[in-house]
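What follows is a short report on a single structure.
Rule-based calculations on the coordinates, nothing more; no lab input. Remember, it's a predicted structure, so these values are computed and weren't measured experimentally. Cβ coordinates were reconstructed from backbone atoms using ideal geometry, including for glycine residues, and neighbour counts include every protein chain displayed.
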Amino acid sequence: MKKIFIILVILVMVSTNGFAQDEAVEVDTPMEQAISQDSLFIIINASFEKVKPMLTNSCYDCHSDQTEQPWYFNIPVINGWLEGHIEHARRNLDFSTGFPFAGSPDLIHLLEEIKEEVAEGEMPIFSYRIMHWGKLIEDEKQDTLFAWIDETIGLLKAHGFKAQEQQEKDEH
Ligand code: HEC
């Protein structure tokens, strides 16, 4: 796995260098674009494995299809309350199929939102935390997560992804 990862990193580095040297190459065909985007996402998903366990523990109950349903899920009122939350949460952000996460076409913005929610201790939502201790992502875990987010945003930007605000600015 590590070997494949290293080879992919080299491939992406080589391909980005190629573009930098010859601006004319930048008009790649949609097919080429799709391939380089796919390999970028493979790389991001490989590094995502580093932070996935903490997100699985703290976020997947609401932001994925892999929810661990607690015993009280069988109590109708609570069940309805939780399901409402899960539906709402997954519309905003869904980790189920790995990167790119679903929820917004603006991947950079979505990553920044995750960072913001975790930094402010807003996620997981409070009502869930009272029933589940130790779900906040703090200290070194938080550093690891934020480093991964920054690294990923860097990779996306290096491959021509832009935050939506930037896109709008460019269009004017
Ligand atoms: C108990 C369910 C639950 C858990 C667990 C949970 N969330 Fe959420 N999350 C929600 C709900 C509901 C929303 C949508 C409503 C809202 O913004 O409050 C949401 C929204 C979000 C949003 C979008 C915010 C926005 O303003 O658009 C982000 C980002 C997010 N959550 C990140 C996380 C992260 C990261 C974790 C884990 C550390 C997490 N959530 C854990 C329920 C949850």
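General remarks:
- Mean projected area of the convex hull spanned by the Cα atoms of the stretch 50-171, taken over all viewing directions: 8.2 nm².
- Lysine pairs within the stretch 50-171, Cα separation less than 14 Å, 8 or more sequence positions apart or different chains: 4
- Label zone at Val77, where the point sits 7 Å out along the Cα-to-Cβ direction: the stretch 106-134 residues whose backbone N lies under 15 Å: none
- Charge dipole (debye, nearest 20) of the stretch 50-171; +1 at Cβ of Lys and Arg, -1 at Cβ of Asp and Glu: 360
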